[in-house]
Amino acid sequence: MWKLELHLGRKLVWLECNLHTGELPLRHLIVDLDSATDMDINPNFTRIFVGPPLIKLHDKVIQDLSTDQHYGYRIVCAVRDGVLPARLALLEIRPVNHSHWLTTANRLLRLWVSKHELKGKNHLKNLQFIEEFIIGVYYPCWFNVKVKHSSQEIDLCIQ
């Protein structure tokens, strides 16, 4: 980009899809972590409260959400609050599909609130790092893009 600006002799504006910008780092973070959603729920999971809060969604927007999007909104709220509603705990999530990053993020959040029995300090630390990214960056950015369609309205999620 810099070389192109030098060649043209002026600054360029680079607009990319903010949804995909958030997915690229998530793709690199996911290496080994995937498991079934049939693990027992850990009622004492550690609350994660980082980043900006999720944007409040109007009823019209909520009605327009897919199952994955709706689950994602609810699970992020639950992890931030530290309480997983019983109905949410009963829901099953589709298997990971690397073209469906919402499903992948949902499965990782479900892993966090489950009795995952991850062994070793590094595994738990890595999982927490991924969860903090999902809670603090990925989902707030995703829902901002969902509600605010103009690139001028959207705060920069990744700087």
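Computed quantities for the displayed model
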quantity: Qualifying residue in the stretch 116-134 (condition: assigned to a helix (DSSP H, G or I), within 21 Å of residue 65 (Cα to Cα) and at pLDDT 80 or above); calculated: yes
quantity: Residue in the stretch 1-41 that is modelled with the lowest pLDDT, counting only those that are among the aliphatic types (A, V, I, L, M), in a loop (DSSP other than H, G, I, E, B) and more than 16 Å from residue 100 (Cα to Cα); calculated: 36
quantity: Flag for residue 148 being at pLDDT below 75 and of a type in the set (Lys, Arg); calculated: no
quantity: Residue match in the stretch 90-100 (condition: surrounded by 12 or more Cβ atoms within 10 Å (Cβ to Cβ) and either among the polar types (S, T, N, Q) or modelled with pLDDT of 85 or more (or both)); calculated: no
quantity: The lone exception for residue 158 - which of (1) touching a Pro at 6+ places or on another chain (Cβ under 8 Å); (2) surrounded by 12 or more Cβ atoms within 10 Å (Cβ to Cβ); (3) at pLDDT below 85 it fails; calculated: (2)
quantity: Counted residues, the stretch 99-115 - those being under 18 Å from residue 67 (Cα atoms) and basic (Lys, Arg); calculated: 2
quantity: Residues (more than 17 Å from the chain's Cα centre (by Cα) and under 21 Å from residue 50 (Cα atoms)) located in the stretch 85-113; calculated: 85
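The values are calculated or read from the model by the stated rules, or taken from the named source; none is laboratory data. What you are looking at is a predicted structure, and each value in this text was computed from that prediction instead of being measured. Backbone-built Cβ (ideal geometry, glycine too); neighbour counts: all protein chains shown.
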